[in-house]
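Take a look at the structure set out below.
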Amino acid sequence: MKILSEGKKWSTTCKCVGIGIEGGGCWATLEVEAEDIYAISVFKEDETPDFMYGRSEYCYTFKCPCCNIEAEICGDKLPINVKRQALDRIKKSAKVIRLTKNGRMYL
């Protein structure tokens, strides 16, 4: 097959905010392409007045070239094919994030 002209690559503009509230990002404005995004498995702990519980979910992230911090990107902004590519490149290590009434922070 012969390629006559390539289509435009998907990208979006994001700010480096880190992961969660006060994630430690540098607030640089970046153009993020599909190849920059990967998924991590996040174990989140939550508590109610009666008990604590944990759950795993996926978080779509990219690594900021300015500060070298992982920054979260909202999954709602991502097309399904970009999500699939990110899940194919999922990181094996799990990050533990504790949810509190004041927000999220790494443990």
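The values are calculated or read from the model by the stated rules, or taken from the named source; none is laboratory data. Keep in mind it's a predicted model, so treat the numbers as computed, not measured. Glycine gets a Cβ as well: all are built from the backbone with ideal geometry, and neighbour counts include every protein chain shown. Surface accessibility is based on the protein's heavy atoms, side chains included, excluding ligands, DNA and RNA. Shrake-Rupley method; radii C 1.70, N 1.55, O 1.52, S 1.80 Å.
Some values worked out for this structure:
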read-out	value
Residue satisfying all of: in segment 60-74; under 8 Å from the mean Cα position of the chain (by Cα) and surrounded by 12 or more Cβ atoms within 10 Å (Cβ to Cβ); farthest from TRP27 (Cα to Cα) among these	TYR60
Count - residues of segment 1-26 that are more than 25 Å from PHE43 (Cα to Cα) and either open to solvent by 100 Å² or more (accessible area, probe 1.4 Å) or at pLDDT 85 or above (or both)	12
LYS92 being loosely packed, with under 11 Cβ neighbours inside 10 Å, modelled with pLDDT under 85 and of a type in the set (D, E, K, R)	yes
Test: residue in segment 37-59 that is open to solvent by 70 Å² or more (accessible area, probe 1.4 Å) and in contact with a helix residue (DSSP H, G or I) (Cβ under 8 Å, 6 or more places away or on another chain)	yes
